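See below for the structure under consideration.
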Amino acid sequence: GNLFAHSLVGAVTEISTIPSIFSWKSPFWVKQDKSSQTALPTLNEFNHEITFNFDSVWTFLKDKKRQEWFYKLICAVIDYEKSKRKIIIIDDNEAITYWIASLSTILHPRYVNYLTFATYHHDPYTAPFMITGTTENSNFRCSNDEYYSYFILNVPQQKVSDVPESDLAIYLLENLDEQKYESQILEFYEWLDRYSSDSKYLSKHLDYYINFQRAIKGEIDALPFAKVIESAQVIIQEQSQKNSH
């Protein structure tokens, strides 16, 4: 049947105060339209009311199986810059929203602003987004080969694609609750902003930063020594090439 699609279009600086996924079911959503208007007006500003329950993200992530899948989903987002492997989430519509909202909560705001997604598309093959949500009865076939060419989180079938591991994703999973998010993850992001503020995209390169930060915090015994040395070498070299520190 027919449906209303809501798309937010504009410069990142204009619409990035709050990640757009948190506009889910906001009061401005259109459920019916009896007007004869066929052209959409351009808005001078976009100040909308957010009614999303942010605490519900942590409730959604309490499930242990979801935490395992969420770790792989973070890894897939981190791997995307290198692999360009599109991410397909098959679940019910509300759960798809929560998968994307969870990413938008746990990742650094700098990267969330560039996280393109659709909560639903009937044909993920043609969707131009990094993350596309769909349902079991869509055009997406989910063949065995596609679990390699795409990253697929297929919740009804309890099946998920393999993806390269990420030290940053491991760290985020270890601190996946509201209290540790405040005390550990946000602290790392503040530290990261002082050392690396250039990149707009997540990448495996951030594994060096989380390992280096954990080492200088005194967590060196929890990390393989080779990783500590490699991370220190990479970051010290990068910082030494900057004009200011």
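The values are calculated or read from the model by the stated rules, or taken from the named source; none is laboratory data. Remember, predicted model here, so these are calculated numbers, not experimental data. When we count neighbours, we look across all protein chains shown, and the Cβ atoms used for this are built from the backbone with ideal geometry, even at glycine. The protein model used for the area step is the full one, side chains on, heavy atoms only, and it has no ligands, DNA or RNA in it. Shrake-Rupley method; radii C 1.70, N 1.55, O 1.52, S 1.80 Å.
With the alpha-carbon atoms as the only input, what is the per residue convex hull volume for segment 1-120 in Å³?
143 Å³
Using a simple spin-label model with points 7 Å from Cα along the Cα→Cβ vector, what separation in nm is obtained for VAL234 and TYR148?
2.7 nm
Straight distance only, please: which lysines reach the Cα of LYS217 with their own Cα at less than 25 Å, same-chain residues fewer than 8 apart left out?
Once the sequence-local lysines are set aside, what remains near LYS217 is LYS180, LYS204, LYS227, LYS242.
Any chance you could run the full-extension gain for GLN241 through VAL30? It's 0.36 nm times the residue separation minus the Cα-Cα distance, nm to one decimal.
So the chain would gain 70.8 nm between GLN241 and VAL30.
Using the Kirkwood radius built from alpha carbon pairs, what does the Stokes-Einstein equation give as D for segment 107-172 at 25 °C and 0.890 mPa s, in µm² per second?
So the translational diffusion coefficient is about 182 µm²/s.
Which of rounded, prolate, oblate describes segment 4-60, given a ≥ b ≥ c as roots of the alpha-carbon gyration tensor eigenvalues and a/c under 1.5 marking rounded, otherwise prolate only if a/b is larger than b/c?
It is oblate, given that a/c is not under 1.5 and a/b is not larger than b/c.
Mind ranking GLU146, GLU178, GLU165 by accessible surface for me, highest first, 1.4 Å probe?
From most accessible down to least: GLU165, GLU178, GLU146.
With a point put 7 Å past each Cα toward its Cβ, work out how far LYS227 is from GLU165 in nm, to one decimal.
0.7 nm
Output the 0 to 90 degree angle, nearest 10, between the alpha-carbon long axis of helix 186-195 and the longest principal axis computed from the alpha carbons of the chain.
Roughly 70 degrees between the two axes.
For the chain, what does the accessible surface come to per residue with a 1.4 Å probe? Please give it in Å².
With all protein chains present, the chain gives 59 Å² per residue.
Which order do THR59, THR105 take by accessible area at a 1.4 Å probe, largest first?
THR59, THR105
Just the number, please: carbon plus sulfur as a percent of the accessible area of segment 43-123, 1.4 Å probe, no ligands or DNA/RNA counted.
Reported share for carbon and sulfur atoms: 47 percent.
So between ASP193 and ASN137, what do we pick up on full extension, going 0.36 nm a residue minus the alpha carbon distance?
15.9 nm
If I compute Cα Rg over 2.2 N^0.38 Å from the structure I just sent, which labelled value in [x] 1.76; [y] 1.23; [z] 1.10 lines up?
Given [x] 1.76; [y] 1.23; [z] 1.10, the structure-derived one carries the label [z].
Report, in degrees rounded to the nearest 10, the 0 to 90 angle that the Cα long axis of helix 93-106 makes with the longest principal axis of the chain.
Helix 93-106 sits at roughly 30 degrees to that axis.
Taking θ = phi - 60°, what integer Hz values does the Karplus form 6.51 cos²θ - 1.76 cosθ + 1.60 yield along segment 80-87, in sequence order, with x for Gly and Pro?
Karplus-based 3J(HN,Hα) across segment 80-87 equals 4, 4, 7, 8, 6, 8, 5, 9 Hz.
Once ligands and nucleic acids are excluded and a 1.4 Å probe is used, how much of THR42 is accessible, expressed in Å² to the nearest 10?
Rounded to the nearest 10, that gives 130 Å².
What value in Å³ per residue do you get for the convex hull of the alpha-carbon atoms in segment 142-181?
Cα convex hull per residue, to the nearest whole number: 86 Å³.
Separation of segment 180-234 and segment 84-127 by C-alpha centroid, Å?
Comparing the Cα centres of segment 180-234 and segment 84-127, I get a distance of 25 Å.
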